[in-house]
Structures are given as structure tokens and as C-alpha cells.
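Single-structure report; data block below.
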Protein chains: 2
Amino acid sequence: MKSNEIKDAALKYFTMHGYEGATLSQIAEEVGMKKQSIYAHFKGKDDLFLHVLRDAKETELSSKLQYFSEIDSQNPEKDLYGFLQLVIDLFQKNEQIKFWLRMSFFPPAHLAKAIDKEVIDIEEKVQAILESKFQDWIDAKLIVGDTAKMPTLAFLGVVDSILLELVYGNDEERQKYKLEASWSVFWRGIARH
Amino acid sequence: MKSNEIKDAALKYFTMHGYEGATLSQIAEEVGMKKQSIYAHFKGKDDLFLHVLRDAKETELSSKLQYFSEIDSQNPEKDLYGFLQLVIDLFQKNEQIKFWLRMSFFPPAHLAKAIDKEVIDIEEKVQAILESKFQDWIDAKLIVGDTAKMPTLAFLGVVDSILLELVYGNDEERQKYKLEASWSVFWRGIARH
DNA sequence: TCTCACTTTACGAACGTTCGTAAGTTATGA
DNA sequence: TCATAACTTACGAACGTTCGTAAAGTGAGA
């Protein structure tokens, strides 16, 4: 399917150079065609971008939902650390997550609204699941705290900081160490002791 | 000084639209001149960008260094929380920090090397100071831990996650709550108890 | 099985626009 | 008078997009 090849190339260049920095010529050349041919598959640059965005959203969301459906939820330490590992894993082997991250935080101005809607949609879903898990753990006295919202937001913060470190990512040793540091302190911050 | 006005406008557009998305025409118009007049002050787009970058770096660095020189260092809880407040404050009233953040993580490809050098320079300095503070606090048994590196990196992670939330920033209530959540969990994670 | 109409895909050429950049000219102020 | 800074005008290159056209693929009817 040529459309998918185009989307793959577009994903790559949008991720590397941002919306404005990516050109249809580059994308077309990567696929082995002229930029005009892209218009046989997509209405234009915006249309192509939004298709890539929705694919990325689906990947991001389904990966995370799947993770939560698989865990037994009786071991918060394992479950949460596993989620961090999942995020790192996705980031490293899946260009879509990098794309998603970049566009979440620095969207092209004229598409900001459309992007925001998708971002908020995912965010709410993930946060809701996470919050219910934390509530279970609190009720089961596996972690401390009265409301589930606090550890949830703190954990999402850890996820963000790890993602940022991965984006920045020139020192792999530092990445590992920073992940461990953030995780250790976070876990001590919510664990019973 | 017209050069400064140009840099101010450039800062604004580089921050909003990124390097590729910002145009010299827009910048010139903001200042009230033609884009060709910019060349009376700067060699070109790259030159203007690098000037803005260096100004931003200086602001970022001097603000943080000044903070550390002012604190008494005997109260880690107050000192660290104060640093978070400083970062938020800087971010909200100073466009340069937003610019700095965007360019740190998503630099224009052909200037990535130059930008990286500056970013690493600041990062190392801030980390070094922070690490020595943490070491003092550990020695004084004000916080737990054997090595200072772990709480340092974890704290830098908290800073990053807060910055990201500010960049994203459509829900101010959520921002405050997330800051409190990240901070509370972090502090409990390193505090003696 | 062959043909005819239709759709899909690709591309050369060109559109209008904007980009960053340059040279030459005019006004301002020391 | 002599810089300096802003202006006007201009340029090649690249941008996203459109048009017309040609080739390739598809399905139906005879």
C-alpha cells in the first residue's frame, strides 16, 4: 500500500523537522515518487499530517490500554515500573511516539486545536485508568495516601520527565541512571514504610 | 536599541512557531520595519537565531545561579521548593525560558550541534551546583541517601515534568495540582522519616 | 475471452506565493 | 562629511498546490 509508505516517510520527517520543517518533496523522494503524486492519496499537507496524527494516537492509546489490561494489579511496584519500561520501549522502537510527543507540546499553530483535542482525549483516558488503579492500591493499603489523584499526577510527571530525557537523549548511560533515580525516589515517595 | 527590538520579536516568533515556522517578514513587521533592514543588524536568520539563543542562555543560567547564591542552604525543603517556584516564575514572565526549552528538545537540524553545546554547558553547571547542595544535605543528615547524584537527577526530573506541564499549559488548575503532587511525592521520597 | 468504461496512481509543467538574501539608494545624526 | 540604519527594488530557490495527461488496474457486459 503506497499510502502507508507515504505516511511512514511523513512520520519520519515530521518527527525530525516538525510540521513546518518537513517538505512534501522530501517525503515523496523517500517513497520514490514526486511530490505531486502525494495528492493522489491525500488532499494536502494538512490532510497527510492529520492522518499520521491519528495513526500515532491509535498506537499510543492501544499500547497503553493493552498494558493495563494485562497486569494483575496486585503489585503496584511491578506494575508501575513495568509501565515506565513500556513507555521507554515504545519510544525507542516506535517513531510514532516521538512524533506524538513533539506534536503534543509544540504543535503547528494552525492545527493546534485539532491536535489538542486528540491529546486531551488520550490523556484523560490514561489518567482515568491510572487513577482507578491507584485507588485500588490505596484501598488495599499497598501504598500510602488518601486521594488517588496525587500519586497519579506525580507518576505522570515521572513518565513525562523520562520521555523528555529520551527526546534529549545523547547520553544513554545518563538516561538509565535518571530513570532509576526518578523511579526510586517516586516509589519511596508513595510506598509504605 | 533596534537590535534588541528585533531580538525580542524574533524570540517571540521562534518560540511560537519554531525556527522553520518563524519568518523574517513577520519579525520585521513586528518591529515596524522591512525584513531587509534586519540585515543591517544581523548577518542572516541563523545569526539572529544564535544571538537570541545566547541571550536566552545567559538569562537562564544567571537566574538559576543567582538563586543558589542567595539561599542559606540549611533548609532543603524550602530551598528546593523555592527553586521549583523560581522555574515556574521564570517560565511565566520570561519568554526566553520557553524559547530555551523548545530549542533544547527540538532544535533546527542544521544548528543542533551549536545548540547542544550551549544546553550541555548549562545543564552541567546547574547539575554540579545541585549535586553539591544535595551532598551537603546528605552529610548533614537532612535528607536520606548515600550518593548525591540520585536525588539530583530525580529533582531535575521533577523540574522537567513541571516545565512540560507549563508548556502544555491549558489547564492552570491542573498545573498547580500536578506541581504539588510531584513535589509532595518527591519530598517524601528523599525526606527522613 | 475480449472490449469498453471507469477508477486509481503517477508525473511534467506551471501556478502564485513566500522564503532568505543582496545591492543600491535615501534619510538621519554626530 | 561620513557612518549607520532604514528604505526600495530585485532575485533565485523553494514552498504547497493545481491542471492536464498518460499509464495501469478493475469490473461488467457481450
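The values are calculated or read from the model by the stated rules, or taken from the named source; none is laboratory data. Just so you know, these numbers come straight off a predicted model, no measurement behind them. Backbone-built Cβ (ideal geometry, glycine too); neighbour counts: all protein chains shown. When the accessible area is computed, the model is the full protein with side chains, heavy atoms only, and any ligands, DNA or RNA have been set aside. Shrake-Rupley method; radii C 1.70, N 1.55, O 1.52, S 1.80 Å.
Any residue in region B:141-153 that is more than 8 Å from chain A (Cβ to nearest Cβ), assigned to a helix (DSSP H, G or I) and surrounded by 15 or more Cβ atoms within 10 Å (Cβ to Cβ)?
no
Taking the options B:Glu58, B:Glu70, name whichever one is over 23 Å from B:Glu172 (Cα atoms) and over 15 Å from the mean Cα position of the chain (by Cα).
Values: B:Glu58 fails: over 15 Å from the mean Cα position of the chain (by Cα).
Unique residue meeting the criteria: B:Glu70.
Are there any helices (runs of 4 or more DSSP H) wholly within region B:5-97 with 3 or more residues that are more than 10 Å from DNA strand C (Cβ to nearest atom), over 24 Å from A:Ala109 (Cβ atoms) and open to solvent by 60 Å² or more (accessible area, probe 1.4 Å), and if so which? Show your work before the answer.
Working: elements: B:24-31, B:45-70, B:76-93.
Those helices (runs of 4 or more DSSP H) span B:45-70, B:76-93.
Can you tell me which residue in region A:9-44 is farthest from the other protein chains (Cβ to nearest Cβ), limited to those that are within 9 Å of DNA strand D (Cβ to nearest atom) and touching a residue at least 60 places away in the same chain (Cβ under 8 Å)?
This residue is A:Tyr19.
I want to confirm something. Restricting to region A:164-173 and keeping residues that are at the interface with chain B (Cβ under 8 Å from one of its Cβ atoms) and in a helix (DSSP H, G or I), which single residue is farthest from A:Leu80 (Cα to Cα)? Break it down into steps so the answer makes sense when it comes.
Here is the first cut: in region A:164-173, the residues at the interface with chain B (Cβ under 8 Å from one of its Cβ atoms) are A:164-165, A:167-168, A:170.
Still in the running and in a helix (DSSP H, G or I): A:164-165, A:167-168.
On the way: A:Leu164: 18, A:Glu165: 18, A:Val167: 21, A:Tyr168: 23 Å.
Across region A:164-173, the extreme among qualifying residues is A:Tyr168.
Looking at (1) over 30 Å from B:Leu50 (Cβ atoms); (2) open to solvent by 10 Å² or more (accessible area, probe 1.4 Å); (3) β-branched (Val, Ile, Thr), find the lone condition where B:Ile162 falls short.
B:Ile162 satisfies every listed condition except (1).
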